[in-house]
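FYI, it's all coordinate maths here, none of it is from the lab. Model, not experiment: these values are computed from the prediction. No Cβ is skipped: glycine too gets one built from the backbone with ideal geometry, and neighbour counts run over all protein chains shown.
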Amino acid sequence: MIEVLSDMPEGVTGLRVSGRVSGEDLKAFKPAMDDLMKPDGDIRIVEVIDSDYQGFGPGGLVEDLKLGLGTLFTRHAAFKRVAVVSDKEWVVHTIHAVGWLMPGDVAVFGLAELEQAKQWAAG
């Protein structure tokens, strides 16, 4: 499941990912994501990956790549900061390993550091 978090600083898009994320979840979420990503503004994201996150379900990875890479290629220069918030060790290791591929700055925070992640993303 993917949900939009409303308690973010001005200019920051907040997302929460939990359970198993399917392709249908991502297809349903795409219009909301398009609305949140202002066409002429900077992209600053806080993505909270809950402790019950189980990865991708059927079609999830393909849709995630379409959504993520589509935004990445069309808005590459707009990415400023992405804060990934998770206590899952494999998520932290993955972000440290591939974060350099992302445009802009990427940082990882623990779940208890959500407020710090919000402020960092807004900075």
Gain in span if fully extended, W90 to A32, counting 0.36 nm per residue against the direct Cα distance:
18.1 nm
Modelling each spin label as a point 7 Å along the Cα-to-Cβ direction, I'd like the L5/Q116 distance in nm, to one decimal.
1.4
Residue separation times 0.36 nm, minus the C-alpha to C-alpha distance between D50 and D105: what's the value?
17.6 nm
